[in-house]
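J.: After the structure tokens below, expect a handful of questions from me.
What follows draws every value from the coordinates through simple rules; no lab data is involved. Being a predicted model, the structure only gives us computed values, none of them experimental. Reconstructed Cβ throughout: ideal geometry from the backbone, glycine too, with neighbour counts over all protein chains shown.
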Amino acid sequence: MTPHVVILGCGFGGLFAARTLAGAPVRVTVLDRTNHHLFQPLLYQVATAGLSAPAIAAPIRAVLASQDNVTVLMGDAQRVDLARRAVLLEDGEQIGYDHLIVATGAAHSYFGHDDWAPHAPGLKTLEDALEIRRRVLLAFERAERESDPARRAPWLTFIVIGGGATGVELAGMFAEIARHTLHGEFRRFEPRNARVVLVEAADHVLTAYPPELSEKGRAQLERLGVTVWLGRPVTGVDADGVQLGADRLAAKTVVWAAGVAASPLGATLGVPLDRAGRVIVQPDLTVPGHPEVRVIGDLALIPSHQPPVPGIAPAAKQMGRYAAVSILNSLEKKQPGPFRYRDYGMLATIGRNKAIAMFGRFQLSGYPAWLLWLVAHIFFLIGFRNRVVVLVDWAWAYWTLQRYARIVLGRRKDI
Ligand SMILES: Cc1cc2nc3c(=O)[nH]c(=O)nc-3n(C[C@H](O)[C@H](O)[C@H](O)COP(=O)(O)OP(=O)(O)OC[C@H]3O[C@@H](n4cnc5c(N)ncnc54)[C@H](O)[C@@H]3O)c2cc1C
């Protein structure tokens with residue numbers, strides 16, 4: 001019988017595993033809880049009205065349509081039963097497998113303070129991005145209705161918690177919206193005076209980068225008008241702002257970009273996890289005692305791999321490809337070598353003409369790094385149409401300083 005490979009999650013890892021199995025002598029089922037593959041690196045552009053949602057996502061069914069050996073199912077995996085080699089879905093359905101690739105990624109972690117979540121949404125899905133965009137744009141609308149400057153101030157204060165790549169990108173874009181996009185559109189206040197504060201518990205932003213580059217990142221942020229607070233752990237978040245020890249920062253819009261927790265599906269495997277809930281896998285990405293189960297991407301931790309594999313898209317793609325190839329090897333009774341991550345460098349953008357980049361020991365910042373970031377993101381987007389749409393939208397935004405995706409539906413509950 002043709003072996004059945006089940007892939008849970010069609011993010012970067014799952015998609016690249018499925019693509020690698022094109023034409024192989026296996027039957028593949030790809031299961032995802034959404035109907036789209038999402039290009040997460042550009043989510044912040046949707047959250048800041050620079051791009052529309054469909055520009056950074058593609059229907060999984062369409063992406064894999066030409067692969068005859070792949071069936072795409074939409075559903076939520078609740079549990080993996082290793083003993084019975086079956087995946088259990090939320091509606092009770094079961095999917096049996098011969099080989100399983102678990103690629104369900106990660107979500108936000110509020111470090112045990114889940115009550116902060118309604119006041120400080122994180123950025124992981126398209127729904128999150130649209131919610132952040134709604135909160136930001138409607139805060140400006142609410143500020144225009146407020147005649148008392150003291151009561152208006154919290155509506156014009158935007159706090160981003162967490163100075164990693166996502167926090168830096170969001171803070172930089174909020175500042176650009178206030179400084180450029182909305183300029184001249186309001187009568188009761190000057191949008192340029194809006195306050196954007198980036199709060200980070202560590203003593204520098206972009207901690208994945210060497211200190212010189214992260215310092216350049218901070219300087220570029222401040223040039224955009226962002227206030228950067230370092231070494232300030234957040235101790236409370238509520239509907240009216242953020243508590244930092246004894247200090248209080250009043251704000252009606254707070255975004256969470258601080259913590260990541262692995263997909264809860266990992267815990268159902270019943271194998272050891274690290275503190276963030278990542279599944280501790282063997283050097284060949286299988287779980288102990290189950291050579292037919294592989295865990296990849298943000299959900300996997302390979303303790304034997306030094307330096308550690310970063311939680312970024314290229315790592316998930318490489319693991320996806322490796323997992324697929326090693327399944328095909330195992331069908332031929334071949335033993336694969338251990339997974340090795342190939343580091344092609346890292347890029348983070350801060351705003352218009354501002355970015356940092358690192359390729360081994362080679363470092364770049366400012367305009368050249370931004371240009372490289374732009375080209376890389378267009379190149380790696382899934383779908384030709386999406387590449388064209390994003391290119392046109394960015395060119396338009398670059399020359400006009402406008403962000404066109406500003407139509408919001410629904411309300412903020414607190415307005
Ligand atoms: C805002 C943001 C910005 C980022 N920017 C960058 C960047 O600039 N560069 C970079 O390299 N990396 C970036 N990353 C990280 C990168 O996106 C991740 O490392 C990568 O997506 C991990 O791939 P994955 O396949 O493990 O998981 P994901 O791509 O997250 O895919 C997981 C998939 O599983 C599905 N899923 C989850 N749970 C279930 C379930 N129970 N049942 C069924 N389906 C499920 C989800 O719907 C999703 O499609 C960013 C991440 C975020 C959130």
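J.: In region 90-170, which chymotrypsin sites (Phe, Trp or Tyr not before Pro) fall in coil by DSSP and have 15 or fewer other Cβ atoms within 10 Å?
T.: Filter output for region 90-170: Phe111.
J.: Per the helix-only calculation at 222 nm, which mean residue ellipticity applies to the chain, given -39500 (n - 2.57) for every DSSP H run of n ≥ 4 and division by its residues, nearest 500 deg cm²/dmol?
T.: Result for the chain, helices only: -9000 deg cm²/dmol.
J.: Need one number: convex hull volume per residue for region 233-338, Cα atoms only, in Å³.
T.: Here the figure is 136 Å³ per residue.
J.: If I fit a long axis through the Cα atoms of helix 384-400 and take the longest principal axis of the Cα atoms of the chain, what angle between them do I get, 0 to 90°, rounded to 10?
T.: In the chain, helix 384-400 runs at an angle near 10 degrees to the longest axis.
J.: In addition: Among Trp399, Val388, Pro338, which residue has its Cα furthest toward the positive end of the charge dipole of region 270-415, with +1 on Lys/Arg Cβ and -1 on Asp/Glu Cβ?
T.: Trp399
J.: So who's got an amide H within less than 5 Å of the one on His37, skipping anything under 5 residues away but keeping other chains? H placed 1.01 Å off N, in plane.
T.: Counting only residues 5 or more places away or on other chains, the set is Ala58, Ile60.
J.: Which one, Val309, Val254, Ala139, projects farthest toward the positive side of the charge dipole computed for the chain from Cβ point charges (K/R +1, D/E -1)?
T.: Value computed over the given set: Ala139.
J.: Out of the DSSP beta bridges found with both residues in region 114-258, what percent are antiparallel (nearest 5)?
T.: 35 percent
J.: So what J values fall out for region 198-214 if you push phi through Karplus, 6.51 cos²θ - 1.76 cosθ + 1.60 with θ = phi - 60°, rounded to Hz, Gly and Pro as x?
T.: So the J values, rounded to whole Hz, are 9, 10, 9, 6, 6, 8, 8, 7, 6, 5, 6, 9, x, x, 4, 6, 5.
J.: Follow-up question, since we're still on this one. Given the chain, what whole percent of its Cα pairs are spread farther than 38 Å?
T.: Cα-Cα pairs in the chain separated by more than 38 Å: 23 percent.
J.: Place a label point 7 angstrom from the Cα of Ala150 along the Cα-to-Cβ direction, then list the residues of region 233-265 whose backbone nitrogen is under 18 Å away.
T.: 240-241, 248-252
J.: Each residue of region 263-279 in turn: what ³J(HN,Hα) in whole Hz from Karplus with 6.51, -1.76, 1.60 and θ = phi - 60°, glycine and Pro shown as x?
T.: Ordered by residue, 3J(HN,Hα) equals 4, x, 4, x, 5, 6, 6, x, 10, x, 10, 8, 5, 8, x, 6, 7 Hz.
J.: Quick one: Karplus J couplings for region 79-95, per residue in order, coefficients 6.51, -1.76, 1.60, θ = phi - 60°, nearest Hz, x for Gly and Pro?
T.: 7, 10, 9, 5, 5, 9, 6, 9, 9, 9, 8, 5, 8, x, 5, 10, 10
J.: Quick check: the angle from helix 367-380's long axis to the longest principal axis of the chain, C-alpha only, nearest 10 degrees?
T.: Helix 367-380 sits at roughly 40 degrees to that axis.
J.: Whose amide H sits under 5 Å from the amide H of Asn69, counting only residues 5 or more places off or on another chain, with H placed in the peptide plane?
T.: Gly23
J.: If you don't mind, there's one more thing I want to ask. Go ahead and run the numbers for FRET between Glu332 and Leu89, Cβ-Cβ distance against an R0 of 45 Å, rounding to 0.05.
T.: FRET efficiency, Glu332 to Leu89: 0.90.
J.: Antiparallel as a % of all DSSP beta bridges within the chain, to the nearest 5?
T.: So the antiparallel bridges in the chain amount to around 50 percent.
J.: Further question: Write out the chymotrypsin sites (Phe, Trp or Tyr not before Pro) in region 305-413 meeting two conditions: DSSP loop, and at most 15 other Cβ atoms within 10 Å of their Cβ.
T.: Tyr344, Tyr404
J.: Expressed as a whole percent, how much of the Cα-Cα distance distribution for region 156-290 exceeds 25 Å?
T.: So the pairs more than 25 Å apart make up 42 percent of the total in region 156-290.
J.: How large, in Å, is region 53-147 by the Kirkwood hydrodynamic radius built from its alpha-carbon pairs?
T.: 17.5 Å
J.: Be a star and scan region 22-62 for residues whose amide nitrogen sits under 13 Å from the point 7 Å along the Cα-to-Cβ vector of Met1.
T.: Once the point is set 7 Å along Cα→Cβ of Met1, 27 turn out to lie under 13 Å by backbone N, inside region 22-62.
J.: Run the numbers on region 1-133 and let me know its relative contact order in percent, using alpha-carbon pairs under 8 Å that are six or more apart.
T.: It comes to 31 percent, rounded to a whole number.
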